[in-house]
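Have a look at the structure below, then the notes.
All of the numbers you see were taken from the coordinates with simple rules; none came from a lab. Small disclaimer: the values here were computed from a predicted structure and weren't measured.
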Amino acid sequence: MSYKFVFLCFLAVTLCSYASALFCYQCRGDTNNSDCELNVLTSAYQQNCTTGFVCASYIVESSTQYMVNRGCFEPNVCDVVNADSSHVIGVNRTVKLCTTCSSSDLCNAAHPVTYSAMLLVFVPIATFIYNYF
């Protein structure tokens, strides 16, 4: 059996992770002065999602303020809140931003998503070994 094939199989098994519940930040508040917007998100704001749900964050504008909403939602949440359905977000309100993610726990925070250290270390090593052995 080829060493490259064995190495690639080992690498695939090592980098794969088991399926587990997704955790998301859950909060709702005014974008000007709430903990939800100001990145004071702690474990008190974590929610264990139902299987099949994703993390999401959306901002709704009303005539007087902007409100942020973070939590576990169905994957089509942005389609739902962006649709012309006032029963979802209320009358005279507009969705300004809606994002979903399921790449990692707590991915609906306001800060950018970073790559895992394991991935940053193993990809260059794997490339080197694959090319030279």
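Structural descriptor for region 20-109: relative contact order 36 percent, calculated from alpha carbon pairs under 8 angstrom and at least 6 residues apart.
Ratio of Rg to Rh for region 20-109: 0.97 [Cα atoms; Kirkwood radius as inverse mean 1/r over pairs].
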